[in-house]
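Asker: Below are the structure tokens for one structure; questions will follow.
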Amino acid sequence: MLVLFETPAGFALFKVLDEGKLSNVEDLWKEFATSESARKVVKLKAFSKFENTTEALSAATLLIDSKPSKGLRKFLRTHCDGETLAVADSKLGNAIKEKLKIDCLHNNAVMELMRGLRNQLTELISGLATQDLAPMSLGLSHSLSRYKLKFSPDKVDTMIIQAIGLLDDLDKELNTYAMRVREWYGWHFPELAKIVQDNIQYAKAVKLMGNRVNAVDLDFSEVLSEEVEAELKEAAVISMGTEISDLDLVNIKCLCDQVLALSEYRAQLYDYLRSRMNTIAPNLTALVGELVGARLIAHGGSLLNLAKQPGSTVQILGAEKALFRALKTKHATPKYGLIFHASLIGQAAPKLKGKISRSLAAKTALAIRYDALGDSTDSSMGLENRAKLEARLRVLEGRELGRSAGSTKGKPKIEVYDKDRKKGAGALITPAKTYNSSADLLLGQATTPEQALSRKRKHEEVEPEPAKETLDAPVQEGSEKKEKKKKKKNKTETNADDATDEAGEPEKKKKKKKAESSSSELPKQDETSVPENEQEPGTKEKKKKKRRHAEAEEPSANVEEQEAETKSKKKEKKKEKKGE
């Protein structure tokens with residue numbers, strides 16, 4: 001069995017002297033501990049030396065792709081007739097077997113053998129010193145890295161990434177310079193900023209005009225329209241700006257030249273970017289446009305890296321900060337990132353932007369993979385998917401129009417709740433209940449049952465039939481008000497009696513006691529018949545005490561009743577649950 005070993009100097013073929021030792025893989029490294037023991041296992045059979053660095057580089061690049069070079073194929077045909085070849089790469093072994101009909105072997109024992117050969121390489125190959133091998137391997141590695149960087153297909157989109165980055169920087173600089181021109185020249189001619197809105201036209205007008213006095217005699221037809229030119233000339237005559245020197249105008253014109261030069265270079269760079277995008281990613285360009293496609297590629301790092309991303313990632317690419325903030329605060333995640341600036345999403349209504357962005361992201365992911373991994377360079381797939389998305393957008397907009405027009409699938413009509421409206425198809429709205437002021441009682445007026453009846457009759461005659469049902473409630477309210485007023489009057493009287501008792505003499509106390517004893521002997525019927533104003537103070541105090549006790553007992557009784565009701569309700573609920 002032969003072993004193929006690649007070195008920076010060339011290819012080496014070793015003859016395995018004792019194949020039985022390969023069966024014990026774990027102890028194979030012991031055989032290569034010294035050069036003498038290594039010579040007992042393997043022996044150098046042939047060596048093919050590289051003539052120069054170019055040959056070494058070409059052979060190394062082919063080996064990376066698992067392909068044998070011409071020199072290697074010639075070398076193997078010469079020395080491997082009827083022999084089994086042990087190789088370090090299984091793919092390389094398959095290629096050699098197909099082209100050269102040589103049986104190849106690749107397993108753990110072969111890999112352990114390769115490690116032993118690498119350890120004792122300078123001892124097994126005569127004439128190859130360690131000090132010569134190190135610079136040869138370093139030079140080959142540098143050449144190989146340089147070749148990869150120059151000819152790698154993954155690095156072709158580097159120009160797009162650089163171009164879109166420069167384009168964004170140019171936009172920022174142009175905006176800064178244009179604002180500086182407006183601010184600087186605005187001291188001399190402030191009205192021009194409102195007349196000419198475009199930054200490039202503004203810079204051209206300033207460069208052509210110079211001092212505003214010259215505006216009347218100049219022709220701005222190449223820069224501005226006729227209406228704007230007439231307005232500019234009128235404003236130049238009556239301008240409120242300050243006067244500036246010729247040196248200031250020279251510097252302002254130099255700044256205008258910078259703005260115009262940057263705008264021209266930006267247009268040239270945009271044309272270059274558009275041509276590169278149509279060449280490298282035609283389907284992506286057809287779907288989202290040159291600028292959005294280039295920003296997606298720049299954000300992903302390369303076209304191949306972007307092709308590995310799913311559609312959901314492409315949809316929110318560029319909105320990572322908003323996404324993680326939403327996940328942290330448990331709010332709604334963003335619906336779109338850089339893809340929001342695509343023309344298809346701009347055409348959609350605000351309600352439909354989320355749906356269209358999701359569909360566009362899915363189609364964009366397919367287009368990116370087709371551009372990165374496919375062989376064709378046409379944009380037929382992108383144009384077809386764009387037509388499908390536009391048709392879907394029209395369908396969604398048609399649904400929204402149908403809903404707004406009142407289709408059967410639309411939302412039900414929500415009516416405002418009205419408490420006075422009765423249930424039923426032919427229901428009428430009852431008139432609102434108004435307060436009955438005629439049932440009120442005034443202070444100082446005694447109401448007899450006859451007067452109350454007469455008032456009721458009058459009220460019934462005046463009020464219409466629907467209001468008869470509401471009469472009893474105001475009367476009750478009037479009686480309650482009457483009782484409250486009596487209570488207030490009694491309180492004021494008790495306060496006055498207390499004051500007179502404290503200021504009176506002991507003789508008056510005796511008289512009061514006699515009056516109380518005489519009033520207690522009177523029958524109860526006389527007490528009820530006598531009006532409150534003529535009653536004695538003793539009887540008044542007793543009535544007040546009784547009222548206070550009754551008022552204090554009423555809330556306690558109400559509380560007890562409420563507690564009893566709640567207990568009975570709980571018992572009923574428990575019984576119902578048990579019955580179920």
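Asker: Go through (1) at positive phi; (2) buried (at least 19 other Cβ atoms within 10 Å of the Cβ) for ALA12 and report which single condition fails.
Answerer: ALA12 satisfies every listed condition except (1).
Asker: Of the residues that sit in the range 45-71 and are in contact with a Lys or Arg (Cβ under 8 Å, 6 or more places away or on another chain) and within 30 Å of GLY20 (Cβ to Cβ), which one is surrounded by the fewest Cβ atoms within 10 Å (Cβ to Cβ)?
Answerer: Of the range 45-71, the ones in contact with a Lys or Arg (Cβ under 8 Å, 6 or more places away or on another chain) are 45, 66, 68.
From what's left, within 30 Å of GLY20 (Cβ to Cβ): 45, 68.
On the way: LYS45: 15, PRO68: 22.
Of everything passing the filter in the range 45-71, LYS45 is surrounded by the fewest Cβ atoms within 10 Å (Cβ to Cβ).
Asker: Right, something else. So which of LYS335, LYS353, LYS363 is in a loop (DSSP other than H, G, I, E, B) and either open to solvent by less than 80 Å² (accessible area, probe 1.4 Å) or not hydrophobic (A, V, I, L, M, F, W, C) (or both)?
Answerer: Working: LYS353 fails: in a loop (DSSP other than H, G, I, E, B); LYS363 fails: in a loop (DSSP other than H, G, I, E, B).
Residue meeting the stated conditions: LYS335.
Asker: Continuing with the same structure: Report, by residue number, each residue of the range 16-44 that is open to solvent by 70 Å² or more (accessible area, probe 1.4 Å) and outside any helix (DSSP H, G or I).
Answerer: Filtering the range 16-44 down to residues open to solvent by 70 Å² or more (accessible area, probe 1.4 Å) leaves 17, 19, 23-24, 26, 29-30, 34, 36, 39-40, 43.
Scanning the range 16-44 gives LEU17, ASN24, GLU26, THR34, LYS43.
Asker: Turning to a different aspect of this structure: Does ASN175 satisfy the criteria of being open to solvent by 60 Å² or more (accessible area, probe 1.4 Å) and at negative phi? Let's see the steps before the verdict.
Answerer: Values: open to solvent by 60 Å² or more (accessible area, probe 1.4 Å): yes; at negative phi: yes.
Here the answer is yes, as ASN175 does meet what is asked.
Asker: Among the residues of the range 88-111, are any touching a residue at least 40 places away in the same chain (Cβ under 8 Å), open to solvent by less than 50 Å² (accessible area, probe 1.4 Å) and part of a helix (DSSP H, G or I)?
Answerer: Yes, the range 88-111 contains a residue that is touching a residue at least 40 places away in the same chain (Cβ under 8 Å), open to solvent by less than 50 Å² (accessible area, probe 1.4 Å) and part of a helix (DSSP H, G or I).
Asker: Now, a different point. Taking the range 184-220 as the search range and keeping residues that are charged (D, E, K, R) and under 37 Å from the mean Cα position of the chain (by Cα), which one is surrounded by the fewest Cβ atoms within 10 Å (Cβ to Cβ)? Quick ask: steps written out before the conclusion?
Answerer: Of the residues in the range 184-220, the ones charged (D, E, K, R) are 191, 194, 198, 204, 207, 212, 217, 219.
Of the ones still in play, those that are also under 37 Å from the mean Cα position of the chain (by Cα) are 194, 198.
Numbers: LYS194: 9, ASP198: 12.
Within the range 184-220, the match that is surrounded by the fewest Cβ atoms within 10 Å (Cβ to Cβ) is LYS194.
Asker: Next question. Considering only the range 314-324, I want to know if a residue exists there that is open to solvent by less than 70 Å² (accessible area, probe 1.4 Å) and within 30 Å of HIS188 (Cβ to Cβ).
Answerer: Residues of the range 314-324 open to solvent by less than 70 Å² (accessible area, probe 1.4 Å): 314-320, 322-323.
If we keep only those that are within 30 Å of HIS188 (Cβ to Cβ) too, we end up with none.
Checked against the condition, which is being open to solvent by less than 70 Å² (accessible area, probe 1.4 Å) and within 30 Å of HIS188 (Cβ to Cβ), the range 314-324 yields no hits at all.
Asker: Return the residue satisfying two criteria in turn: it lies in the range 194-229 and is touching a residue at least 40 places away in the same chain (Cβ under 8 Å) and among the aliphatic types (A, V, I, L, M), and of such residues it is nearest to CYS256 (Cα to Cα). It would help to see each step written out before you state the result.
Answerer: Going residue by residue through the range 194-229, those that are touching a residue at least 40 places away in the same chain (Cβ under 8 Å) are 195, 199-200, 203-204, 206-207, 210.
Filter again for among the aliphatic types (A, V, I, L, M), leaving 195, 200, 203, 206.
On the way: ILE195: 18, ILE200: 9, ALA203: 5, VAL206: 7 Å.
Ranking the candidates gives ALA203 first.
Asker: Do we have VAL223 as of a type in the set (Val, Ile, Thr) and outside any loop (DSSP other than H, G, I, E, B) here?
Answerer: Values: of a type in the set (Val, Ile, Thr): yes; outside any loop (DSSP other than H, G, I, E, B): no.
No, not satisfied.
Asker: Limited to the range 174-193, what total is found for residues that are in contact (Cβ under 8 Å) with a residue 24 or more places away in the chain and either among the aliphatic types (A, V, I, L, M) or touching a Phe, Trp or Tyr at 6+ places or on another chain (Cβ under 7 Å) (or both)?
Answerer: So the first thing to find is which residues in the range 174-193 are in contact (Cβ under 8 Å) with a residue 24 or more places away in the chain, and the list is 174-175, 177-178, 180-181, 184-192.
With the extra rule that they be either among the aliphatic types (A, V, I, L, M) or touching a Phe, Trp or Tyr at 6+ places or on another chain (Cβ under 7 Å) (or both), the set shrinks to 174, 178, 181, 192.
Of the residues in the range 174-193, 4 are in contact (Cβ under 8 Å) with a residue 24 or more places away in the chain and either among the aliphatic types (A, V, I, L, M) or touching a Phe, Trp or Tyr at 6+ places or on another chain (Cβ under 7 Å) (or both).
The values are calculated or read from the model by the stated rules, or taken from the named source; none is laboratory data. What you see is a predicted model, and the numbers here were worked out from it, not measured in a lab. Note: ideal-geometry Cβ built from the backbone for every residue, glycine included; neighbour counts use all protein chains shown. SASA here: full protein model, heavy atoms, side chains in, ligands and nucleic acids out. Shrake-Rupley method; radii C 1.70, N 1.55, O 1.52, S 1.80 Å.
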